[in-house]
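Below you'll find the structure, written out as structure tokens, and then a few comments.
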Amino acid sequence: MSTLLSAPPSVEEMYKQLEEKVRAARPNEDVSALERAFRFAAERHKEQKRDSGEPYMMHPLAVTNVLVDMQMDLIGLQTGLLHDIIEDTDTKLSEIEANFGEDVARCVDGVTKLTKIDLADREERQAESLRKMLLAMTSDIRVVIVKLADRLHNMRTIRSLSRERQERIAQETIDIYAPIAHRLGMGKIRGELEDRAFQVLEPEASAELIREIDAKREQNEEYLKKIKTTIEQKLARENIPSRVDGRVKRAYSVFLKLKRQKIRLDQVYDLLAIRIVTDSVKNCYAALGVIHNEWHPIPGRIKDFIAIPRPNLYQSLHTSVIGPGGMAFEVQIRTEAMHRIAEEGIAAHWKYKEGRKGSGVDDQRIAWLRQLVEWQREMRDPSEFMSTLKVDLYPEEVYTFTPRGRVVVLPRDATPIDFAYAIHSDVGNTCVGARVNGTIRPLRYALKNGDVVEILTQAGHQPSKDWLGLVKTPRARNRIKHVINAVERAKAVEIGQKSLEKEARRLGVQLSRISKEDIEKVATDYGVSKAEDLYAALGFGRFSARQVLQKVAPGEAIEEPAPVEPPAKPAPGRRIATGDGDLAISVTGIDQVMVYRAKCCNPIRGEPIVGYITRGKGVAVHSVQCPNVQNLMYEVERKIDVEWVRSASEPLPVKVIIYTDDRPGILNQVTSILNAESSNIRSLEARGDTSRQDEAAIVDITMEVRDKKQLDRVITAFRRIPGVRDIERVQHAP
Ligand code: MN
């Protein structure tokens, strides 16, 4: 037999090779967990085949092989073997945890979640979100690294897929995965991902370029070899330890360069590149001197990324020189540590090449990552570093998905209501529930990274006021206010219209005889343009029906029944209205309205206040600090300026709680302070504070004060009593 076709290696043989490699790389570690992971995965994937026809298990094995080369630790390697098991078999995560522990289970779960995300929507604005999201979803950097190794092997075996799937996966690789590898400083993986995707996406251009590069390959390799020997000799003569490599630049990066600079291949200065790796920064500069002494440097091509590292922490000296025969080539000089970061480095920050100015938060992130990389350099075993590294790059954002895979970026703790409004106002308005990752969740549920959210809607449903307390996005808040306003207004119009009709009946005025024009004319008198606005104002209680009626039908002798509104004291430009008897508040520009202190906050004189026109009950006066104000003031129209009238009137009751040491004499001091202020005590109650271990007491006191100033004075005096720990004003009804 002249030819012996060797059978492809079996799954078992592949594993043996892998294990040997791991043993060599990690001689002091117990690799039995690796074999258990392999047996477990091989059993579960047993019946499955890849698109190429080979046993499915070849894929996790190949991925894990890549991970060994990247110096991954055993947790990462087990994750590599098990990474597709949840997605592709009916294995439960709990089984992984029971068999391989919490760390492996968490990583496998992380990779599964990334795999499940449909990245099909490839709009440019989505790509950035997706890249951020992939990192945001990962609390363990090993998850991203396993995912990148997975993608690398998928790209290596992409030819067995349909043309359409090839293109989809290649585009995703260029848009999402290669940039992530780049930002994590993983130059080698990024280069291979890009070149492979390039060949799928631009078959003609890549073929031509590769042909062109290949045509000169022999010549170029010969040339590189010669230069390499020269450099090695020169460096040795200067006692500079070195490892010298020569390479032809990667096709995709040449392609981008030709496109960007609109030049031809023979105009690319750095198609050929020499890399010198030496032992110290000092020797990097020494080697640069040797190179420039031998060949003429091209002006403007010397770059010192050691003194000024690139934002992704890349460090090297770059120069381009004119070599023998007038041919240009690039030289990169770096230390061993810099080289490792350039090829395999795991951390870099996001903003690189995004062209955006770093915010304060970004700067902090970069500083933090930089620190991590510093630590990594000091560690003998980089995997030790990986296992301690927890990443949360975007703590203020959460990345969620529509069932179709569109990314919806929301602030942290956003709820399904925010999500619904981000999709569409109608979806938000009619939202009645949400299914998150297939499970029904309450509307107050805080969404998490990677959640797939399906909003349940019901036609005709309307947002409730409570939603204002649940939402985190301005968009949702504004939409909800808008709808609530419209609803309230419609109600007010109805009430206004009815009250006018009722009043007309009572006074014997025939409303049907009054024309729409007349009503609109009166509306203008009240500063609104349409009859409907007038009804709404009536409904909200801004004007009384009787006033309006007198204006609408002045001719009709309205016989005056007893007044129903409280008597008003006119003042120029404003009127003073009295509400519940112990209150004097002036309301700017409004006639005869009922005014009362809101029960939720009971503002006192001197305190900043704001009025809110209630429906049919007049104006409620709230403290500006009242927590209800934010929720009530959704309608600017109903907010009204109010102020305390100057003249002093009756004192108002205010309740405070004094937290104090439990010791005799406290109550005496409290009452003598109030006596000195001639403030009446309405009630006073002291009790032990059972919620605390130490001797503590609580005094509830309701006292009468004239204004805020007096209250502040009293509270300051209370605070000075020895033993008093804290004082709290109770803002609800005393
Ligand atoms: Mn996979």
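The values are calculated or read from the model by the stated rules, or taken from the named source; none is laboratory data. Just so you know, these numbers come straight off a predicted model, no measurement behind them. Counting neighbours? That spans all protein chains shown, and the Cβs are built from the backbone with ideal geometry, glycine included. Note: accessible area is taken over every heavy atom of the protein model, side chains too, but ligands, DNA and RNA are not part of it. Shrake-Rupley method; radii C 1.70, N 1.55, O 1.52, S 1.80 Å.
If you go through the range 63-90 and pick out every residue that is of a type outside the set (A, V, I, L, M), in contact (Cβ under 8 Å) with a residue 60 or more places away in the chain and more than 19 Å from Thr157 (Cβ to Cβ), you end up with 4.
For the range 246-266, check the following and say yes or no: at least one residue is touching a residue at least 12 places away in the same chain (Cβ under 8 Å), within 30 Å of Leu201 (Cα to Cα), touching a Leu at 6+ places or on another chain (Cβ under 9 Å) and open to solvent by 70 Å² or more (accessible area, probe 1.4 Å). Among the residues of the range 246-266, at least one is touching a residue at least 12 places away in the same chain (Cβ under 8 Å), within 30 Å of Leu201 (Cα to Cα), touching a Leu at 6+ places or on another chain (Cβ under 9 Å) and open to solvent by 70 Å² or more (accessible area, probe 1.4 Å), which makes the answer yes. Just checking, which of Ile169, Ile176 is at pLDDT 85 or above, out of contact with any strand residue (DSSP E or B) (no Cβ under 9 Å at 6 or more places or on another chain), in a helix (DSSP H, G or I) and buried (at least 18 other Cβ atoms within 10 Å of the Cβ)? After ruling out the rest, the residue left standing is Ile169. Considering the range 598-639, and only residues there that are open to solvent by 20 Å² or more (accessible area, probe 1.4 Å) and among the aliphatic types (A, V, I, L, M), the residue that is modelled with the lowest pLDDT turns out to be Met633.
Among the residues making up the range 137-158, those that are open to solvent by 10 Å² or more (accessible area, probe 1.4 Å) and either within 13 Å of the ligand (Cβ to nearest atom) or at pLDDT 90 or above (or both) are Lys147, Arg151, His153, Asn154, Arg156, Thr157.
Run down Arg50, Arg36, Arg106 and say which single residue is among the basic types (Lys, Arg) and within 11 Å of the ligand (Cβ to nearest atom).
Answer to the check: Arg50.
Yes/no per residue for (1) of a type in the set (A, V, I, L, M, F, W, C); (2) in contact with a Lys or Arg (Cβ under 9 Å, 6 or more places away or on another chain); (3) modelled with pLDDT under 85:
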site	(1), (2), (3)
Val656	yes, yes, no
Ile666	yes, no, yes
Leu674	yes, no, no
Ala686	yes, no, yes
Asp689	no, no, yes
Asp700	no, yes, no
Asp712	no, no, no
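Just to be sure before I move on: is Val111 assigned to a helix (DSSP H, G or I), under 30 Å from Pro403 (Cβ atoms) and within 16 Å of the ligand (Cβ to nearest atom) in the structure I sent? Taking the combined requirement at face value, the residue satisfies it.
Is it true that some residue in the range 546-563 is surrounded by 12 or more Cβ atoms within 10 Å (Cβ to Cβ), part of a loop (DSSP other than H, G, I, E, B), of a type in the set (D, E, K, R) and modelled with pLDDT of 75 or more?
Step one: list which residues in the range 546-563 are surrounded by 12 or more Cβ atoms within 10 Å (Cβ to Cβ), which gives 546-553, 556, 558.
Of the ones still in play, those that are also part of a loop (DSSP other than H, G, I, E, B) are 553, 556, 558.
Filter once more, so that each one left must be of a type in the set (D, E, K, R): 556.
Those left that are additionally modelled with pLDDT of 75 or more: none.
The answer is no; no qualifying residue exists.
Restricting the first residue to the range 8-21 and requiring it to be farther than 16 Å from Ala41 by Cβ, which pairs with a second residue that is open to solvent by less than 50 Å² (accessible area, probe 1.4 Å) and in a helix (DSSP H, G or I) meet a Cβ separation below 7 Å and a spacing of at least six or different chains? That search, which allows pairs on different chains as well, returns Lys21/Val68. When Ala476, Ala537 are screened for being more than 30 Å from Val408 (Cβ to Cβ) and at pLDDT 80 or above, only Ala537 passes. Condition (residue is farther than 24 Å from Lys448 by Cβ, within 16 Å of the ligand (Cβ to nearest atom) and over 37 Å from the mean Cα position of the chain (by Cα)) applied to the range 58-75: is it met by at least one residue? Looking for residues that are farther than 24 Å from Lys448 by Cβ, within 16 Å of the ligand (Cβ to nearest atom) and over 37 Å from the mean Cα position of the chain (by Cα), one finds at least one in the range 58-75, hence yes. Could you check, for the range 395-410, whether at least one of its residues is of a type outside the set (Ser, Thr, Tyr), open to solvent by 10 Å² or more (accessible area, probe 1.4 Å), within 20 Å of Arg142 (Cα to Cα) and at pLDDT below 90? Checked the range 395-410: at least one residue is of a type outside the set (Ser, Thr, Tyr), open to solvent by 10 Å² or more (accessible area, probe 1.4 Å), within 20 Å of Arg142 (Cα to Cα) and at pLDDT below 90.
Among the residues of the range 76-101, how many are acidic (Asp, Glu) and either more than 14 Å from the ligand (Cβ to nearest atom) or more than 14 Å from Glu43 (Cβ to Cβ) (or both)?
Step one: filter the range 76-101 for residues acidic (Asp, Glu), giving 84, 87-88, 90, 95, 97.
With the extra rule that they be either more than 14 Å from the ligand (Cβ to nearest atom) or more than 14 Å from Glu43 (Cβ to Cβ) (or both), the set shrinks to 87, 90, 95, 97.
Adding up the residues that qualify gives 4.
Take the conditions (1) of a type in the set (A, V, I, L, M, F, W, C); (2) touching a residue at least 40 places away in the same chain (Cβ under 8 Å); (3) under 24 Å from Asn628 (Cβ atoms); (4) not in a helix (DSSP H, G or I); Ile480 misses just one of them, which is (4). The set of residues from the range 196-239 being charged (D, E, K, R), open to solvent by 60 Å² or more (accessible area, probe 1.4 Å) and touching a helix residue (DSSP H, G or I) at 6+ places or on another chain (Cβ under 7 Å) comprises Arg196, Glu212, Glu238. For the range 443-471, a tally of residues being over 17 Å from Val487 (Cβ atoms) and at pLDDT below 90 returns 6.
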